[in-house]
Amino acid sequence: MIQTFRLLVIGIAYLYFLLLCLPYSVHAQDENRENVEYLEGELYQRALHFSRDQVNRAIEIGNRAIREENPERRTRLYEEMMEALNDANRMFRVMESKPREYELIPEIINRHWANEHNSGADLLNQRDFTESDEVLYRGAIIHFNNAIYLQPDSAHSYIALATLKLDQGEFTDAIHYYELGIERLCQPEIQDFDILINLYFSESRLHDVKELIQLARTNFPDELKFTQYLADYYLETGNSEDASNLIRELMEKDNERPEYFFALGSIYQNKAAEFFQKRDLADNLDQKIEYDETARIILTDALEQYENAVELDPDNRQYWKTLYQIYSVLGIHHKADLAYEKAGLE
């Protein structure tokens, strides 16, 4: 699943129109114009001349950045470029009539953002990163950091950076960058929730995963996988009753999924194991017998669910192995022998 999402990131890396959801922030400063005292006359002309010089300076610095092959050395050039553009924009803000150069600012920034993001994506798409690919990995990191510096609201640069961290097995950093990316998306999609939920599970961040699952279910109420994730959460936190109810809810909507039957069987099996443990710890013989009978009744319920699962997926060796264990405990030896063979345990 992580690899599938990685391909999605690479596939959209070159879609320049993504920036439509991420307007350049300097223009946001013009939203409140009521208290702006606009320049006129000679002051306007001076400000106009200064601003145009700064935009031209930014263009020249940006061209130097493009010619610079080392992405790490570009970072300082981008800082100078942005300083010039911000100086120009401060003047443009107090001009009621904006010149053409004002509209060039987002075009300049977006051009360099796209160059850095796509350069990082090129490296990301070349191969899986190993120790011998450290130079490529470091180069991609620098490209994406440059892209984020230029466009702090670029969700897909953060997500691409998270993908790099996943390749390296750095899950904590991957979660951090992916969270930043999700926050900046116009509308998170199913796969966006999917990957972060799995990352939270991998790092045992159960409080965060529950909140994210609930948000995902609100946004995509018909997507069954998020109900399944909530059942997984309940299982992780020992809430078998709520997990069972959710799994039955899933079965009502789709009773052809063997994993649902297997999950429900696992809940019954775990409950049976609790009574077997009570049997082993009991001092009174009558209690031992009672606990043993209860455990075997519950284990029979588990067996029914496991048999349903293996009927839907007869080539699943894990299902057969589990059935072999249950048959053996319940003393159903002729079926245990078949399950042993099907599980490949010979």
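Number of residues in region 81-103 that are under 17 Å from Gln151 (Cα atoms) and surrounded by fewer than 16 Cβ atoms within 10 Å (Cβ to Cβ): the value is 3.
Report yes if Glu293 is out of contact with any Leu (no Cβ under 8 Å at 6 or more places or on another chain), surrounded by fewer than 18 Cβ atoms within 10 Å (Cβ to Cβ), modelled with pLDDT of 90 or more and over 27 Å from Ser204 (Cα atoms), otherwise no. Criteria met by Glu293. Where helices (runs of 4 or more DSSP H) fall entirely within region 258-346, those with at least 1 residues that are among the β-branched types (Val, Ile, Thr) are at 258-281, 285-312, 317-330. Here the condition is being part of a helix (DSSP H, G or I), closer than 16 Å to His143 by Cβ, touching a residue at least 40 places away in the same chain (Cβ under 8 Å) and acidic (Asp, Glu); of Glu72, Glu101, it holds for Glu72 alone. If you check Ile141, Ile175, Ile182, Ile190 for being out of contact with any strand residue (DSSP E or B) (no Cβ under 9 Å at 6 or more places or on another chain), under 27 Å from Ile66 (Cβ atoms) and surrounded by fewer than 23 Cβ atoms within 10 Å (Cβ to Cβ), only one passes: Ile141.
Scanning region 252-274 for residues that are surrounded by fewer than 21 Cβ atoms within 10 Å (Cβ to Cβ), within 27 Å of the chain's Cα centre (by Cα) and free of Cβ contacts under 8 Å to residues at least 60 places away in the same chain returns Lys253, Asp254, Arg257, Glu259. Taking the criterion of being more than 20 Å from Ile332 (Cβ to Cβ) and hydroxyl-bearing (Ser, Thr, Tyr), the residues of region 251-305 that qualify are Tyr260, Tyr291.
The values are calculated or read from the model by the stated rules, or taken from the named source; none is laboratory data. In this text, all values refer to a predicted model and were calculated from it rather than measured experimentally. FYI the Cβ positions are ideal-geometry reconstructions off the backbone, even for glycines, and counts take in every protein chain you see.
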